[in-house]
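Below: the structure, in structure tokens.
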Amino acid sequence: MSRPIPYRIVPLPLQMVEDVRRTGVDCLGHRVTPEVNLEEGRPCRLTLRYIRKGERLLLLSHSPFAHDHPYREIGPIFVLADGGQPYADIHRFPPDFDPTTRVFRSYDAAERIVDARVGAPDPDAVIADLFANPRAECIHVRSLTYGCYTFRIERA
């Protein structure tokens, strides 16, 4: 079991997900349509767990950045099409995700990349190492293979 860490895990905001569900439109104006999940390995960015076979999901575009600049990435993400609460154990790396299959990128207050690490068995050590740099305001956790955004980590 992971020890408590002085940071918080930040999933997608529930209101943002509910807006996409209600309107059927993502942040880029793409229409999103619920579909039944037929594959393993599709993580919900709200609940921070894998979407089970047979559950409905939405594939949408998302950017974790607030401002437009060269580091602003927009990519595909999955969320449950129905229900689900935001990940609540915010001081613990989500147990559904193997940290060795993630990349951790730290960003400063201007959303410029500061540093990055490939995940390791102890995610708390990776997070602490990146936050040792005082310029690091937050960390984005992404898929190591596909590069898709998974969640944000902020200093507590």
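The values are calculated or read from the model by the stated rules, or taken from the named source; none is laboratory data. All values reported here derive from a predicted model rather than from experimental measurement. Note that we place each Cβ from the backbone using ideal geometry, even for glycine, and neighbour counts take in every protein chain shown.
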Filter the range 76-89 for residues that are touching a residue at least 40 places away in the same chain (Cβ under 8 Å) and surrounded by fewer than 15 Cβ atoms within 10 Å (Cβ to Cβ); which is farthest from Ala109 (Cα to Cα)? Asp82
Would you check which residues across the range 30-80 are acidic (Asp, Glu) and touching an Asp or Glu at 6+ places or on another chain (Cβ under 9 Å) and list them? Glu55
Taking the options Pro95, Pro64, name whichever one is outside any helix (DSSP H, G or I), at pLDDT 95 or above and under 17 Å from Ile153 (Cβ atoms). Pro95
Looking at the range 107-156, what strands (runs of 3 or more DSSP E) fall wholly within it and have at least 2 residues that are surrounded by fewer than 17 Cβ atoms within 10 Å (Cβ to Cβ) and in contact (Cβ under 8 Å) with a residue 40 or more places away in the chain? 149-155
Can you name the residue in the range 46-75 that is surrounded by fewer than 21 Cβ atoms within 10 Å (Cβ to Cβ) and among the hydroxyl-bearing types (Ser, Thr, Tyr) and is also nearest to Pro13 (Cα to Cα) among such residues? Ser63
Filter result for Phe93 (of a type in the set (Phe, Trp, Tyr) and within 16 Å of the chain's Cα centre (by Cα)): yes
With respect to the numbered conditions (1) over 14 Å from the mean Cα position of the chain (by Cα); (2) closer than 30 Å to Ala120 by Cα; (3) among the β-branched types (Val, Ile, Thr), which one is the sole condition not fulfilled by Thr23? (2)
